[in-house]
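Heads up: the structure comes next, in structure tokens.
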Amino acid sequence: MNQSKVRRIIGKYEIGRTIGEGTFAKVKFARNTENGQPVAIKIFDKDKVLKHKLSEQIKREITTMKLVKHPNVVQLYEVMASMAKIFMVMEFVSGGELFDKIVNHGRMQEDEARKYFQQLINAVDFCHSRGVYHRDLKPENLLLDASGDLKVSDFGLSALSQQVQDDGLLHTTCGTPNYVAPEVINDRGYDGAAADLWSCGVILFVLLAGYLPFDDSNLMNLYKKISSAEFTCPPWISFSAMKLIAQILDPNPVHRITIPKILKDEWFKKDYRPPVFDEKKERNLEDVEAVFKDSEEYHVMENPTPMNAFELISMSRGLNLGNLFHANQDLKRETRFASKRPANEIISKIEEAAKPLGFDVHKKNYKLRLENMKAGRKGNLNVATEVFQVASSLHMVEVRKTKGDTLEFHKFYKNLSTSLQDVVWKTEEEMQEMK
Ligand code: 3AM
């Protein structure tokens with residue numbers, strides 16, 4: 001059968017083969033259908049980017065990277081998003097990775113290594129001047145273009161290789177630690193500029209030596225070697241190159257050489273050509289805004305807690321299911337209703353209904369905490385609600401008084417259920433009658 005090829009189009013790009021897969025993203029080759037220009041599209045899962053509280057940092061850095069153009073930095077053209085993915089459209093770099101050269105041909109002569117190192121420092125210096133730190137400089141991020149010039153990729157995505165832990169600090173996820181500065185490993189907070197420079201020093205060493213300065217199959221031993229900058233230069237490396245490497249691979253970030261000093265170093269300066277670059281003329285950031293618009297809400301939204309039918313039944317069996325609103329009944333502090341609406345709709349409807357009733361709403365995942373600003377008979381009324389998933393299209397919503405007067409709670413619930421008419425499928429009493 002003659003089947004026509006399915007064309008996958010995202011925006012104005014026609015997607016082609018997968019180029020590679022990194023820790024956080026897949027990279028695909030694509031072509032701009034308007035002008036035929038080849039591009040590389042990095043595809044991330046939206047929840048990985050927006051889930052943790054890093055989206056502000058990522059947004060800031062991506063915005064910066066979209067506005068700049070430097071000969072040694074992989075250009076970011078555009079950012080797009082679908083329901084589940086984020087697409088970063090970048091310059092396609094066709095010459096492969098710098099380190100493939102070492103793998104295929106072994107170490108480099110000093111002149112060649114110097115050229116790449118100069119270009120690396122140009123890229124790093126430029127991004128640092130814009131307040132963007134890489135924090136994950138390693139061989140995979142060093143690409144070569146068609147004329148053999150170095151292009152550094154993933155500037156602006158540094159937050160993705162980090163995680164925010166409970167203490168609110170950034171922690172590097174364990175990738176290849178060989179290129180990571182000692183202060184990053186020791187994890188006591190660090191200066192991004194000095195840490196990037198350390199990685200540049202490791203890269204320079206590998207270019208000249210053909211092997212890693214710090215390596216050990218045992219991770220603890222590797223950390224020890226890095227922390228004490230325990231390495232030996234092979235005899236073929238010149239004294240002046242060795243001197244520069246030693247100044248970069250200083251385990252104390254405060255004493256480590258800085259980029260302005262590197263630019264004055266005798267070994268570095270040979271045949272140095274300062275880069276020529278400018279700001280992009282076009283300053284359209286609507287795409288970045290659109291992608292990150294909902295991220296604030298997004299990173300707290302996970303799936304509602306699933307509840308099985310057994311739990312549902314055992315919850316309702318324990319209830320004294322007299323009519324909640326009959327004055328002579330035992331007054332209940334909690335009630336439930338079933339809904340066939342999607343969980344996020346239920347949450348926003350409750351939110352909408354509670355606000356005009358004078359409640360301050362705090363949202364976390366599929367839980368809401370409602371605090372009445374006005375003090376009632378027994379202080380402010382506080383209500384907690386949670387959405388549980390019973391089946392794919394059936395949710396159980398629990399509404400519980402956590403503080404305040406029970407009568408006021410019932411009054412509130414009555415008001416709430418009137419506003420939630422579209423959302424409530426069965427009230428607690430109706431569910432009881434079904435039994
Ligand atoms: O999977 P490998 O290591 O062969 O070189 C990058 C890596 O290749 C390539 O995608 C893989 C995962 O990062 N890559 C990344 N950005 C690229 C770009 N802008 C790129 N290739 C070409 N152009």
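The values are calculated or read from the model by the stated rules, or taken from the named source; none is laboratory data. The model shown is predicted, which means the values in this text are computed figures rather than measured ones. Here Cβ is always computed from backbone atoms with ideal geometry, including for glycine, and neighbour counts include all displayed protein chains. Quick note on the areas: whole protein, heavy atoms, side chains included, nothing else; ligands and nucleic acids left out. Shrake-Rupley method; radii C 1.70, N 1.55, O 1.52, S 1.80 Å.
On the stretch given as region 348-364, residues that are under 25 Å from the mean Cα position of the chain (by Cα) and open to solvent by less than 40 Å² (accessible area, probe 1.4 Å) total 0.
Conditions (1) closer than 26 Å to R60 by Cβ; (2) open to solvent by 90 Å² or more (accessible area, probe 1.4 Å); (3) out of contact with any Pro (no Cβ under 9 Å at 6 or more places or on another chain), marked per residue:
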{"site": "D196", "(1), (2), (3)": "yes, no, yes"}
{"site": "N221", "(1), (2), (3)": "no, no, yes"}
{"site": "I226", "(1), (2), (3)": "no, no, no"}
{"site": "I257", "(1), (2), (3)": "no, no, yes"}
{"site": "I262", "(1), (2), (3)": "no, no, yes"}
{"site": "E266", "(1), (2), (3)": "no, yes, yes"}
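For first residues located in region 368-380 and more than 12 Å from L357 (Cβ to Cβ), partners that are surrounded by 12 or more Cβ atoms within 10 Å (Cβ to Cβ) and among the hydroxyl-bearing types (S, T, Y) and lie 6+ apart or on another chain with Cβ distances below 7 Å form the pairs L368/T385. Are there any pairs with C-beta distances below 6 angstrom linking a residue in region 129-152 that is without any contact (Cβ under 8 Å) to a residue 60 or more places away in the chain and closer than 18 Å to A113 by Cα to a residue that is part of a helix (DSSP H, G or I) and open to solvent by less than 20 Å² (accessible area, probe 1.4 Å), with the two at least 6 apart or on different chains, and if so which? That search, which allows pairs on different chains as well, returns L144/L98. Listed by position, the helices (runs of 4 or more DSSP H) inside region 41-149 whose residues that are in contact with a Leu (Cβ under 6 Å, 6 or more places away or on another chain) and within 14 Å of the ligand (Cβ to nearest atom) number at least 1 are 55-67, 98-105.
For region 47-69, the count of residues that are surrounded by 18 or more Cβ atoms within 10 Å (Cβ to Cβ) and either under 26 Å from F268 (Cα atoms) or in contact with an Asp or Glu (Cβ under 7 Å, 6 or more places away or on another chain) (or both) is at least one.
Contact map, region 408-435: first residue farther than 20 Å from A343 by Cβ and open to solvent by less than 70 Å² (accessible area, probe 1.4 Å), second residue at pLDDT 75 or above and in a helix (DSSP H, G or I), Cβ cut-off under 8 Å, separation 6 or more or different chains; pairs are F412/L357. Pairing each residue of region 233-252 that is touching a residue at least 24 places away in the same chain (Cβ under 8 Å) and farther than 22 Å from V180 by Cβ with any residue that is open to solvent by 50 Å² or more (accessible area, probe 1.4 Å) and not in a loop (DSSP other than H, G, I, E, B), provided the two are 6+ apart or on different chains, yields C-beta distances under 8 Å for S240/E266.
The numbered conditions (1) assigned to a helix (DSSP H, G or I); (2) farther than 25 Å from E110 by Cβ; (3) under 29 Å from the mean Cα position of the chain (by Cα) are all true for N221 except (3). Modelled with pLDDT of 85 or more, more than 16 Å from the ligand (Cβ to nearest atom) and either under 22 Å from F155 (Cβ atoms) or not small (G, A, S) (or both) - does that describe any residue in region 19-30? No, because not a single residue in region 19-30 is modelled with pLDDT of 85 or more, more than 16 Å from the ligand (Cβ to nearest atom) and either under 22 Å from F155 (Cβ atoms) or not small (G, A, S) (or both). Residue-level check: of (1) open to solvent by less than 20 Å² (accessible area, probe 1.4 Å); (2) part of a loop (DSSP other than H, G, I, E, B); (3) modelled with pLDDT under 80, L160 misses just (2). Just one of the listed residues (D136, D167, D145) is at pLDDT below 90 and surrounded by fewer than 20 Cβ atoms within 10 Å (Cβ to Cβ), and it is D167.
Within region 89-114, residues that are under 30 Å from A25 (Cβ atoms) and open to solvent by 60 Å² or more (accessible area, probe 1.4 Å) have Cβ atoms under 8 Å from residues that are aliphatic (A, V, I, L, M) and more than 16 Å from the ligand (Cβ to nearest atom) in these pairs: K101/M108, counting only partners at least 6 apart in sequence or on another chain.
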